[in-house]
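Okay, so here's the structure we're looking at.
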Amino acid sequence: MLGCYCGNSIAFQDCCEPYIKGITNTPTAEKLMRSRYSAFATGAADYLVNTTHISKRKLHNKKDILAWSQSNTWLKLEVLKSTENTVTFKAYYLDENLKAQVHYEHSTFKLENGKWFYVVGEY
Ligand SMILES: [Zn+2]
């Protein structure tokens, strides 16, 4: 594969994978968002749960996340705008019926003890 799932031109192993494996923390909200997209693309549900802010974690159960990530085919991420703690993006995917879908979201993130967490998304 050329480039990372998240759309960066560097390879997954050098881009999002070290974050997903927990080797390093994501330095910015945008990098967390990108790595969470790559986690969806690779079915890394633990990472998606662990990077969701503790106050919101009960709303996202691992089984549902895994089912959602695996029933879709993740095609492309497009980051439209990012600030220090927000990212607006479009995620392109095929749903379980292979119908093309676009998920548009404005996400808010929070830095806590040196780690970025996903707090909430507006669709
Ligand atoms: Zn990446």
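All of the numbers you see were taken from the coordinates with simple rules; none came from a lab. This one's a predicted model, so the numbers in the text were calculated from it and none came from an experiment. Please note: Cβ atoms are built from the backbone with ideal geometry, for glycine as well, and neighbour counts cover all protein chains shown.
Taken one residue at a time, the phi angles of segment 26-40 give Karplus couplings (6.51, -1.76, 1.60, θ = phi - 60°) of 5, x, 9, 4, 5, 5, 5, 4, 4, 5, 5, 4, 4, 5, 4 Hz. Gly and Pro are set to x. Each stretch of four or more DSSP H residues adds -39500 (n - 2.57); spread over every residue of the chain, this sum gives -7500 deg cm²/dmol at 222 nm. At full extension, Val120 and Ala67 could sit 17.1 nm farther apart than now, given 0.36 nm per residue minus the alpha carbon distance. Listing Glu78, Glu84 from fewest to most neighbouring C-beta atoms within 10 Å gives Glu84, Glu78.
Close Lys pairs in segment 26-105, defined as Cα atoms under 25 Å apart and 8 or more places apart or on different chains, number 20. Note on the chain: Cα Rg divided by 2.2 N^0.38 Å, N the number of residues, gives 0.98. State the answer as a single residue: which of Thr51, Ser69, Thr88 lies farthest towards the positive end of the charge dipole of segment 12-122, with beta carbon charges of +1 for Lys and Arg and -1 for Asp and Glu, about the Cα centre. Most positive-ward Cα: Thr51. Mean separation of Cα pairs under 8 Å and 6 or more residues apart, divided by the residue count, gives the chain a relative contact order of 22 percent. Under a model in which nothing but the beta-carbon of Lys, Arg (+1) and Asp, Glu (-1) is charged, the chain shows a dipole of about 240 debye around its Cα centre. Here r is the Cβ-Cβ distance between Asn8 and Ser55 and R0 is 22 Å; the resulting FRET efficiency, rounded to 0.05, is 0.15. Structural descriptor for segment 53-123: relative contact order 25 percent, calculated from alpha carbon pairs under 8 angstrom and at least 6 residues apart.
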